[in-house]
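See below for the structure under consideration.
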Amino acid sequence: MVFPPPDTKKETRFGVPMGLLYLATPLKQNGFEVRLLNLSLDRRFIEIPAHLLEWADLVGLSIPSYCRASAIQLVKRIKQYIPGLPVMVGGPDCILFPELFPGSDITVTGEAEGIIVDIANAVLHHSDLNSIPGLIIRGDDGTIKSTGDLYPIKELDQSGFPDRGLLSYWDERKPNLESQKTLPKSTELITSRGCPRHCRFCSRDALTYSNYRERSVENVTTELVQIADRGYEMVWVSDDNFTVNTARALKIFNILAELRLPLGLALSGWVGSAGKELFKAARAAGVRIISFGLESGNQDVLDFYQKGITLEQIKTAVNLADECGLFTVGNFIIGAPVETKEHFAKTIVLAQELPLDSVNFKVLGYMAGSSLWKEQVVKGNISPDERNVFADKRRGLGNFTLEELKQVVAKSYQGFNSNPRRHIRLKKKMLEQGLPYDLKT
C-alpha cells in the first residue's frame, strides 16, 4: 500500500494514511501480507526502488486531490518497473471523480473496507471483478466499465481499528524529514465520517454522500485504550466536527477522565455546541487543543457560507475554551465573493481580540464537490475536472486577485503574531497549563 507525496512541498505532512491502515486490518485478518510505503513525508521519495514492489501481487494507492499529480507519476513508474503488476487506486479524489485513474487497473469509488478482501482475492486468483460494486475497471476488450455504486458503510464499529503496526518511527514522530525536532509519539483517530453541517465551501458532503455517521462511545474509548497501550502520547482527532453531538462527546470525555489515560488529545469543535460543562469535561479527559472553524469576523460572510453560527457564538466558544484551559486554534477564510477590504479588517480585528493561541488564515478555495464549486462549474468559471481553484476576480471568483488575497493573509498573520497581548497571555497560559505538546530535539 502506498500513500503518495503531495504535489507541492509542504512544511509539514498531512497526517498519516488512515484509510490505508483501515484497509490493512481486514486484509491481514484474511491472511494477506500487507506493507505500507508512506511517502507523504518527503517528495524525494517519488522514486520507489523496484525491490520494494517485487514481492507484491497488488499495489494500492490512496489519493487525496493534493497528491493527484504525484500519484500519476507513481503509477507510471510502478508500471515501468513491473509491467504486469496490478495497480489499484482509491481515496477522496476517486470518490469525487469516479473515473479510471490514469494508468491504474482498478479504481475504487467509495469506502473500501467492505470490498477490499474481495478485490484482493479476485486479483490473486484472476477471477471476475464485475460482481464487486464500486469499481471502475478496464474490460478484456479494452472498454472502461463501472461495476455499480458502492454505498457508505452504515455501521462504523464493524470496520475494525486501523492497523497502526504498519507505521514507522518517522510516521509517528516527524513533521517532515528535514525537521531537526520530533513530535511526541502521535497518531490520528477517526470517530465519525462526514459532517451534519453543510458549509458551502466544504466538499465533505460529496465525499460521504451527505451521510454523517458516528462510531459508538464504547468503540471509540476501546480504541483509545489500545492507542495508549501502544505507547502513543498525542492523539489528533481528525473528525470534521467532534463536538457537534454534545451528548456523545460528553460521554467519551467522562469515560476518558475515569480511565486517566496518559494521552493528550487535539480535536475540532463546533462553536454552536460550546459550553462550560463540555469544555471542562474535555480538559479533564486530556484534551489539550481545540480548533474552531470561525471563517470570518462578519455575520454576512458567515451567512454566505451557511455556517449556521453567529459572531456572538464564536466569541462565547473561544472565551469558554480558553477559560477551561484548552489551547485554542481559529481557522479563517479570506476571499468570499461578498467580501470587501472592510470585511477583511473586521476579521483581523476579531482574530486579535479573541483569546486564540494560534490561527490559520487561508485564501478561499473552491473545492471539488462543494456547493460553491458546483455553482461556478455551472456558470463556466471552473472546469468540471478542476480540483481546487482559489478565489480570484480574474476568473469571476471574487472581488480581489489571488495575489491580493495572499497579501491579506500575510497581513493577517503579521497582525496576529505581532500582538504583544497574545504573547503575554500565551506565556501565562503555558506556565499554568504546560505546553500543548512537546517538540523534542
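The values are calculated or read from the model by the stated rules, or taken from the named source; none is laboratory data. The structure presented is a predicted model; accordingly, all values stated were derived computationally and were not measured. Positions of Cβ are generated from backbone atoms using ideal geometry, with glycine treated the same way; all protein chains shown enter the neighbour counts.
Taken over segment 386-441, the criterion of being at pLDDT 90 or above, touching a Ser or Thr at 6+ places or on another chain (Cβ under 8 Å) and over 17 Å from Val359 (Cβ atoms) is satisfied by Arg387, Asn388, Asp392, Lys393, Arg394, Asn399. Select, from Gly84, Gly31, Gly19, the only residue that is surrounded by 20 or more Cβ atoms within 10 Å (Cβ to Cβ), small (Gly, Ala, Ser) and at pLDDT 85 or above. None of the other options fit; the residue is Gly19.
Residues of segment 99-109 that are part of a loop (DSSP other than H, G, I, E, B) and surrounded by 18 or more Cβ atoms within 10 Å (Cβ to Cβ): Leu100, Phe101, Ser104, Asp105, Thr109.
Annotation: of all residues in segment 226-284 being part of a helix (DSSP H, G or I) and without any contact (Cβ under 8 Å) to a residue 24 or more places away in the chain, the one that is farthest from Cys199 (Cα to Cα) is Asp229. Of all residues in segment 109-121, none are more than 24 Å from Ser159 (Cβ to Cβ) and not hydroxyl-bearing (Ser, Thr, Tyr).
What are the residues in segment 295-318 that are hydrophobic (A, V, I, L, M, F, W, C) and under 18 Å from Glu342 (Cβ atoms), if any? Working first, answer last.
Taking segment 295-318 first, the residues hydrophobic (A, V, I, L, M, F, W, C) are 301-302, 304, 309, 311, 314, 317-318.
Val301, Leu302, Phe304, Leu311 - these are the residues of segment 295-318 that are hydrophobic (A, V, I, L, M, F, W, C) and under 18 Å from Glu342 (Cβ atoms).
Only a single criterion out of (1) buried (at least 16 other Cβ atoms within 10 Å of the Cβ); (2) of a type in the set (Phe, Trp, Tyr); (3) not in a loop (DSSP other than H, G, I, E, B) is not satisfied by Phe400, namely (3). Residue selection: Tyr413 fails the criterion of being surrounded by 11 or more Cβ atoms within 10 Å (Cβ to Cβ), in contact with a strand residue (DSSP E or B) (Cβ under 8 Å, 6 or more places away or on another chain) and not in a helix (DSSP H, G or I). A residue that is assigned to a helix (DSSP H, G or I), under 30 Å from Lys374 (Cα atoms) and touching a residue at least 12 places away in the same chain (Cβ under 8 Å) cannot be found anywhere in segment 110-128. Filtering segment 238-262 to residues that are among the aliphatic types (A, V, I, L, M) and either modelled with pLDDT under 95 or surrounded by fewer than 21 Cβ atoms within 10 Å (Cβ to Cβ) (or both) leaves Val244, Ala247, Leu250, Ile255, Ala257, Leu259, Leu261.
Residues in segment 370-386 that are surrounded by fewer than 19 Cβ atoms within 10 Å (Cβ to Cβ) and assigned to a loop (DSSP other than H, G, I, E, B): Gly380, Asn381, Ser383, Pro384, Asp385, Glu386.
State yes or no: is Tyr232 farther than 21 Å from Ile116 by Cβ, touching a Gly at 6+ places or on another chain (Cβ under 6 Å), at pLDDT 90 or above and hydroxyl-bearing (Ser, Thr, Tyr)? Here the answer is no, as Tyr232 does not meet what is asked. Per the listing Ala336, Ala285, Ala274, the residue uniquely small (Gly, Ala, Ser), crowded, with 21+ Cβ neighbours inside 10 Å, over 28 Å from Tyr232 (Cβ atoms) and assigned by TED's automatic domain parsing to the domain that holds Val235 is Ala336. Among residues of segment 160-197 being at pLDDT 90 or above and assigned to a helix (DSSP H, G or I), the one that is nearest to the chain's Cα centre (by Cα) is Arg164. Of all the listed residues (Arg173, Arg193), the sole one being buried (at least 19 other Cβ atoms within 10 Å of the Cβ), in contact (Cβ under 8 Å) with a residue 12 or more places away in the chain and either β-branched (Val, Ile, Thr) or not assigned by TED's automatic domain parsing to the domain that holds Gln29 (or both) is Arg193.
Among the residues of segment 209-223, the one identified as buried (at least 18 other Cβ atoms within 10 Å of the Cβ) and in contact with a Leu (Cβ under 6 Å, 6 or more places away or on another chain) is Arg215. Out of all the residues in segment 43-60, is one or more at pLDDT below 95, in a loop (DSSP other than H, G, I, E, B) and of a type in the set (Lys, Arg)? No: zero hits.
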